[in-house]
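The values are calculated or read from the model by the stated rules, or taken from the named source; none is laboratory data. As the structure is a computational prediction, the values presented were derived from the model and not from experiment. Neighbour counts run over all protein chains shown; Cβ positions are idealised from the backbone, glycine included. Surface accessibility is based on the protein's heavy atoms, side chains included, excluding ligands, DNA and RNA. Shrake-Rupley method; radii C 1.70, N 1.55, O 1.52, S 1.80 Å.
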Amino acid sequence: LVYRAPRLAAGARRLPIDADLDKPEWAAAPWSEPFGEIRGADAPLEARPPPTCVTRMKMLWDDEFLYVCAILESDFEIVCTFTERNSPIFQRDSDFEVFVDAAGSCHAYKELEVNAANVVWNLMLDRPYADGGGEYSARVAAPGDERHYEVRAQRSATRLLRGALNSGGGGAWAVEMALAHEETVARQGAAARRPAVGGRWRVNFSRVERRGKVNWTWGPQVVWEPRTRRYEGKVNMHLPDAWGHVEFAPPNAEASAG
């Protein structure tokens, strides 16, 4: 699964991050296909997103940032309770998540979660949890501690498009973010290269609702299972080998959403 993200034209302004997705720059990027249930073809029919709960994303890039935007539509309540930075958003709130492994190594990969009020949680995983990995973040460690991780250049914004937060009804919200390359490649070593035309990073996106009972993703988390000798869908975002890729395309190139 590959998304070909157009580069912003040389000399173009730095993209303002305000969750206004009608900006002309975003017209150059195609919408992804609607997200599906995390298990892909193994997902029960009742777990798959209905037409009233579509999630789509777009990506752009320049010398400093990978830009991501998404729209999340709901026929159920948009839950938004966390107010402090680096809270575990997925535990209660309607949640959009971004995963990036610039080196493709499954080590020191980055995760960002955001709720509809633009409360964010940034973390780094030294390796997947199943391989003994753990969280590095400002949630679990103070500055100066080995397990502390935080970003400074990243920017994000959200905007309510329809409905109201915590109202019990449906609605829609938009999120827009700029992920700084210097922070994305941090601690990944020489294998993590900054974007260049034709290069790729491993990425995936997840939407979590209803305290984790709902998990819809851009790419399904499907891996080879030796026990059954078949590919199986897993309810586990921390399988970087199963993620898709963003390919860095030139300006005005024919982009594709994968």
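Pairs please, first residue from region 187-205 and within 21 Å of Tyr149 (Cα to Cα), second anywhere and among the polar types (S, T, N, Q), Cβ atoms under 6 Å, 6+ apart in sequence or on different chains.
Between residues of region 187-205 that are within 21 Å of Tyr149 (Cα to Cα) and residues that are among the polar types (S, T, N, Q), the close pairs are Ala191/Ser105.
For the condition assigned to a strand (DSSP E or B) and small (Gly, Ala, Ser), what is the one hit in Ala19, Ala41, Ala70?
Numbers: Ala19 fails: assigned to a strand (DSSP E or B); Ala41 fails: assigned to a strand (DSSP E or B).
Exactly one of Ala19, Ala41, Ala70 is assigned to a strand (DSSP E or B) and small (Gly, Ala, Ser), namely Ala70.
Kindly establish whether Ala142 is farther than 29 Å from Arg4 by Cα and not polar (S, T, N, Q). Break it down into steps so the answer makes sense when it comes.
Numbers: farther than 29 Å from Arg4 by Cα: yes; not polar (S, T, N, Q): yes.
Against the criterion (farther than 29 Å from Arg4 by Cα and not polar (S, T, N, Q)), Ala142 qualifies.
Quick one: in region 28-45, which of the residues that are at pLDDT 95 or above and of a type in the set (A, V, I, L, M, F, W, C) is surrounded by the fewest Cβ atoms within 10 Å (Cβ to Cβ)?
So the first thing to find is which residues in region 28-45 are at pLDDT 95 or above, and the list is 29-45.
Cutting the leftovers down to of a type in the set (A, V, I, L, M, F, W, C) gives us 29, 31, 35, 38, 41, 43, 45.
Numbers: Ala29: 24, Trp31: 15, Phe35: 24, Ile38: 26, Ala41: 11, Ala43: 18, Leu45: 6.
The extreme case among them is Leu45.
Could you tell me whether Ala103 is touching a Leu at 6+ places or on another chain (Cβ under 8 Å), part of a loop (DSSP other than H, G, I, E, B), among the hydrophobic types (A, V, I, L, M, F, W, C) and at pLDDT 95 or above? Full working, then the answer.
Working: touching a Leu at 6+ places or on another chain (Cβ under 8 Å): no; part of a loop (DSSP other than H, G, I, E, B): yes; among the hydrophobic types (A, V, I, L, M, F, W, C): yes; at pLDDT 95 or above: yes.
Criteria not met by Ala103.
Which residue is nearest to the chain's Cα centre (by Cα), if the candidates are limited to region 29-42 and must be hydrophobic (A, V, I, L, M, F, W, C) and under 15 Å from Val246 (Cβ atoms)? Before the answer, list the steps.
In the first step, residues of region 29-42 are kept if they are hydrophobic (A, V, I, L, M, F, W, C); the result is 29, 31, 35, 38, 41.
Now restrict to residues that are under 15 Å from Val246 (Cβ atoms): 29, 31.
On the way: Ala29: 16, Trp31: 14 Å.
Out of the qualifying residues, it is Trp31.
Which residue is nearest to the chain's Cα centre (by Cα), if the candidates are limited to region 207-236 and must be of a type in the set (Val, Ile, Thr) and either part of a strand (DSSP E or B) or at pLDDT below 95 (or both)? Reasoning before the result, please.
Taking region 207-236 first, the residues of a type in the set (Val, Ile, Thr) are 208, 214, 217, 222-223, 228, 235.
Cutting the leftovers down to either part of a strand (DSSP E or B) or at pLDDT below 95 (or both) gives us 208, 214, 217, 222-223, 228.
Numbers: Val208: 11, Val214: 16, Thr217: 9, Val222: 17, Val223: 20, Thr228: 30 Å.
The residue in question is Thr217.
Just the residues that are in contact (Cβ under 8 Å) with a residue 40 or more places away in the chain and of a type in the set (Lys, Arg), please, taken from region 18-39.
The one that is in contact (Cβ under 8 Å) with a residue 40 or more places away in the chain and of a type in the set (Lys, Arg): Arg39.
Under the condition of being of a type in the set (Val, Ile, Thr) and part of a loop (DSSP other than H, G, I, E, B), which residue from region 44-67 is farthest from Gly258 (Cα to Cα)? It would help to see each step written out before you state the result.
Residues of region 44-67 of a type in the set (Val, Ile, Thr): 52, 54-55.
If we keep only those that are part of a loop (DSSP other than H, G, I, E, B) as well, we get 52, 54.
Details: Thr52: 22, Val54: 16 Å.
The qualifying residue farthest from Gly258 (Cα to Cα) is Thr52.
Table: residues versus (1) in contact with a Lys or Arg (Cβ under 6 Å, 6 or more places away or on another chain); (2) closer than 16 Å to Asn122 by Cα; (3) open to solvent by less than 10 Å² (accessible area, probe 1.4 Å); (4) of a type outside the set (Val, Ile, Thr).
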position: Ile78; (1), (2), (3), (4): no, no, yes, no
position: Asn86; (1), (2), (3), (4): yes, yes, no, yes
position: Phe90; (1), (2), (3), (4): no, yes, no, yes
position: Phe99; (1), (2), (3), (4): no, yes, yes, yes
position: Gly104; (1), (2), (3), (4): yes, no, no, yes
position: Tyr109; (1), (2), (3), (4): no, yes, yes, yes
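State whether the residues of region 166-184 include one that is among the charged types (D, E, K, R) and more than 23 Å from Ile78 (Cα to Cα). Please lay out each step first, then the result.
Let us first name the residues in region 166-184 that are among the charged types (D, E, K, R), namely 176, 182-183.
With more than 23 Å from Ile78 (Cα to Cα) added as a condition, the list becomes 182-183.
For region 166-184, residues among the charged types (D, E, K, R) and more than 23 Å from Ile78 (Cα to Cα): present.
Would region 113-123 turn up any residue that is over 30 Å from Pro24 (Cβ atoms) and surrounded by 16 or more Cβ atoms within 10 Å (Cβ to Cβ)? Lay out the reasoning, then the answer.
Filtering region 113-123 down to residues over 30 Å from Pro24 (Cβ atoms) leaves 121, 123.
Restricting the remaining residues to those that are surrounded by 16 or more Cβ atoms within 10 Å (Cβ to Cβ) gives 121, 123.
So far as region 113-123 goes, yes, one or more of its residues are over 30 Å from Pro24 (Cβ atoms) and surrounded by 16 or more Cβ atoms within 10 Å (Cβ to Cβ).
For region 237-258, which positions are modelled with pLDDT of 90 or more and outside any strand (DSSP E or B)?
From region 237-258, those modelled with pLDDT of 90 or more are 237-251; that's our starting set.
Answer for region 237-258, where residues must be modelled with pLDDT of 90 or more and outside any strand (DSSP E or B): Met237, His238, Leu239, Pro240, Asp241, Ala242, Trp243, Pro250, Pro251.
Report whether or not Glu182 is farther than 19 Å from Val208 by Cβ, modelled with pLDDT of 95 or more and outside any loop (DSSP other than H, G, I, E, B).
Numbers: farther than 19 Å from Val208 by Cβ: yes; modelled with pLDDT of 95 or more: yes; outside any loop (DSSP other than H, G, I, E, B): yes.
It is true that Glu182 is farther than 19 Å from Val208 by Cβ, modelled with pLDDT of 95 or more and outside any loop (DSSP other than H, G, I, E, B).
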